[in-house]
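Engineer: Just dropping this structure here.
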Amino acid sequence: MRNMRYLEDVATLILNKEACVGCSLCTVVCPHGVFEMMDNKAVIVDLDGCMECGACVNNCPVYAIKVTPGVG
Amino acid sequence: MFQNYNTNNVKLKHIITDNVVILNSMKGVSPVAFDNNIRNDCVLDSFPLDTSASACCSPKSSHSDTLLAKYAKAGYVISHFVEKFIDTDAGQIPVVRRKLDFKDKVQTVKARLGVTRNNYRVSQGLYAIGEPDENSEVLVTANFKLTFDILRTNINQLNLWILVLDTLGVNVWCAAGKGTFSTQELVKRVQLSGLEKIVKHRRLILPQLSATGVRAKDVKTMCGFNVIYGPVRASDIQAFLRNGRKAEPCMRRVTFTFKERLILTPIELTVAFKSLLITVAALLFISGVNSELFSLQNNLGSGLLKSLERGFFSLIFLFIGFVSGAVVTPALLPFLPFKAFAAKGIVSGAIFSLLAIFFSSTSSLNIAAMAALSTFGITVSSWFAMNFTGATPFTSPSGVEKEMKQFIPIQAGGAILSLVLWIYSAF
Ligand code: SF4
Ligand code: SF4
């Protein structure tokens, strides 16, 4: 949904690349295509697309993702 | 909120929401589908075209009579969307129709208009569609009736099981966000339905948007079923299943089309109704005040006339601001400049207010009054546009917070400025 964009540089999404085990579940659950897999690791490719829904955070098996909506 | 469920025993749970009593289905007893929406039914039964309720000789009712004769249970009603029951190792499972009937359609319109917004559910538990067997897939969904209807009407060929969770009549995404479409609820419903006796495989297909509330890994640990996240939209579910449970990237993306945006606007109106009424009362009161009413000369008549005119214009601009902010801004969202919704609302509000000023130039309003009215229209539009951030599927809470911090002071300033100008213009 690249044509529907909200404010830039506000999403609080943080990915701990070290912890990532490359299961790719975050790329599956994210409704905005924020993640892509590169060399068996998740990378954030579209931070501003993140709506902080928490789906990736909830499903990452190793707790490598964080969002803190409403802080800041 | 789940610990007070008794999952071992046969138990009736009463939830009283408004004036509706809902009886939950129980373990060991087939989840007989029943209408739990008492208020809904009362209204609907007065529709002359509703043949399922009490007509005695139509072919439709004879079908439901046969069903009733066989499956009736004290205290339960068989839902009109159930066509028959099938026997399984975990009891009788209702088979639902793939098409909406007249009653479904009327109810859909009412729910969309907000009449039955929070009160439109199907019973949680296991359903069948077509003729599923032990190898058929299990789709999981929410017990909001609109969601359930959208799902069943989008499965026109496959034979599937549908496991409906108790999400308190809320759609999948909102329920996942609120924590009712949750790991615990899913696990509980899987266990209560006896699903492990019905299917040989251990797969549950969940709507992708439920991922906000469900942790796949925990579901596996707690009940042995693997969660597979299906597509976002029910319309892609058949393609997903035929494709070996693989979703195309486009099936994984949330959209927010013109139609999807417009469908939300009647709900906006219902939500805003009370505050609008209060505003109307306040406007009429404030607009009633003018110099001629209070002057000692004998011109009460013209004073009243002026009050009426000013009251009328203030309401017109409230209406314009509301339509601009709650309907036009959402509809034209991608085409309006700026990213903050409140700013988009200002743009749209300004266009409409200026147009309205142009058309009211023949009235007796002075410059200050016109400035007050247009400021007011713009402010109202900005406010309702900002409210819409809560209804979209792409605004982050952090962004909304930032927008509110920025724009609420501006909107408050606009409201005060228009009030001062409005009162000033009357004297
Ligand atoms: S929080 Fe939601 S939108 Fe943001 S990256 Fe995770 S899944 Fe995607
Ligand atoms: S869900 Fe977690 S472990 Fe899996 S790919 Fe994403 S970040 Fe890595």
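Engineer: Quick check: Cα centre of the stretch B:118-134 to Cα centre of the stretch B:340-358, how many Å?
Structural biologist: 46
Engineer: Below 19 Å, Cα to Cα, which aspartates and glutamates can A:Lys41 reach? Residues fewer than 8 away in the same chain don't count.
Structural biologist: Excluding near neighbours in sequence, the set is A:Glu18.
Engineer: Explain nothing, just the number: relative contact order of the stretch B:260-425, from Cα pairs under 8 Å at least 6 residues apart, as a whole percent. Could the numbers behind the result be given before it?
Structural biologist: Working: 201 pairs, mean separation 41.8, N = 166.
The normalised contact order for the stretch B:260-425 reaches 25 percent.
Engineer: Of B:Lys70/B:Lys99; A:Lys17/B:Lys344; B:Lys217/B:Lys246; B:Lys73/B:Lys200, which pairs sit farther than 26 Å apart, going by alpha carbon to alpha carbon?
Structural biologist: The answer is A:Lys17/B:Lys344; B:Lys73/B:Lys200.
Engineer: Report, in whole Å, the centroid distance computed from the Cα atoms of the stretch B:70-102 and the stretch B:393-427.
Structural biologist: Each part reduced to its Cα centre gives a spacing of 52 Å.
Engineer: Restricting attention to chain A, give the cysteines that have no other cysteine Cβ less than 4.7 angstrom from their Cβ.
Structural biologist: When partners are defined as cysteine Cβ atoms under 4.7 Å apart, chain A leaves A:Cys20, A:Cys23, A:Cys30, A:Cys50, A:Cys53, A:Cys60 without one.
Engineer: Nearest 100 Å² is fine: how much accessible area is buried between A and B, summed over both sides, with a 1.4 Å probe?
Structural biologist: By this definition, chains A and B bury close to 2800 Å².
Engineer: Taking the Cα atoms of the stretch A:14-66, report the difference between the largest and smallest coordinate on each principal axis, in whole Å and largest first.
Structural biologist: 23, 20, 17
Engineer: If I model a spin label as a point 7 Å beyond the Cα along the Cα-Cβ vector, how far apart are those points for B:Phe319 and B:Ala391 in nm?
Structural biologist: 2.0
Engineer: Follow-up question, since we're still on this one. Modelling each spin label as a point 7 Å along the Cα-to-Cβ direction, I'd like the B:Lys110/B:Ala72 distance in nm, to one decimal.
Structural biologist: Computed distance between label sites B:Lys110 and B:Ala72 equals 2.4 nm.
Engineer: Per-residue Cβ counts within 10 Å, from other chains only, averaged over A:8-15: what number is that? Write out the running numbers ahead of the final one.
Structural biologist: On the way: counts 2, 3, 9, 4, 3, 2, 0, 0.
For this peptide, the per-residue mean of nearby foreign Cβ atoms is 3.
Engineer: Take B:Asp89, project a point 7 Å from its Cα along the Cβ direction, then tell me which residues of the stretch B:180-205 have their backbone nitrogen under 14 Å from it.
Structural biologist: Answer for the stretch B:180-205: B:194-202.
Engineer: Given the peptides B:156-165, A:28-37, B:257-266, arrange them by the average over their residues of other C-beta atoms within 10 Å, most packed first. It would help to have the intermediate numbers written out before the result.
Structural biologist: Details: B:156-165: 19.5, A:28-37: 21.7, B:257-266: 13.7.
Those peptides, ordered most packed to least, come out A:28-37, B:156-165, B:257-266.
Engineer: Please give the FRET efficiency for B:Ala415 paired with B:Val289, using the beta carbon to beta carbon distance and R0 = 22 Å, rounded to the nearest 0.05.
Structural biologist: The calculated FRET efficiency here is 0.80.
Engineer: Let me confirm one metric for peptide B:208-218, namely the mean number of other chain beta-carbon atoms within 10 Å of its residues' beta-carbons.
Structural biologist: Across B:208-218, the average partner-chain Cβ count within 10 Å equals 6.
Engineer: Normalising by the residue count of the stretch A:14-66, find the relative contact order in percent from Cα pairs under 8 Å and 6+ residues apart.
Structural biologist: 43
Engineer: Run the reach check for A:Lys66 against aspartates and glutamates, Cα to Cα strictly under 13 Å, same-chain hits fewer than 8 apart removed. What comes back?
Structural biologist: Within reach: A:Glu52.
Engineer: Name the residue from B:Pro249, B:Leu284, B:Phe358 whose Cα lies farthest towards the positive end of the charge dipole of the stretch B:231-371, charges +1 on Cβ of Lys and Arg and -1 on Cβ of Asp and Glu.
Structural biologist: Toward the positive end, the furthest listed residue is B:Pro249.
Engineer: Using a probe of 1.4 angstrom, how much of the accessible area of chain A is carbon and sulfur, in percent?
Structural biologist: Reported share for carbon and sulfur atoms: 51 percent.
Engineer: Listed here are the pairs B:Lys105/B:Lys178; B:Lys178/B:Lys274; B:Lys220/B:Lys405; which of them are more than 31 Å apart at the Cα?
Structural biologist: B:Lys220/B:Lys405
The values are calculated or read from the model by the stated rules, or taken from the named source; none is laboratory data. The shown structure was predicted, so the numbers you read here are calculated from the model rather than taken from an experiment. Ideal geometry is used to build each Cβ from the backbone, glycine not excepted, and the neighbour counts take in all protein chains shown. Side chains are part of the model used for accessible areas, which takes the heavy atoms of the whole protein and leaves out ligands, DNA and RNA. Shrake-Rupley method; radii C 1.70, N 1.55, O 1.52, S 1.80 Å.
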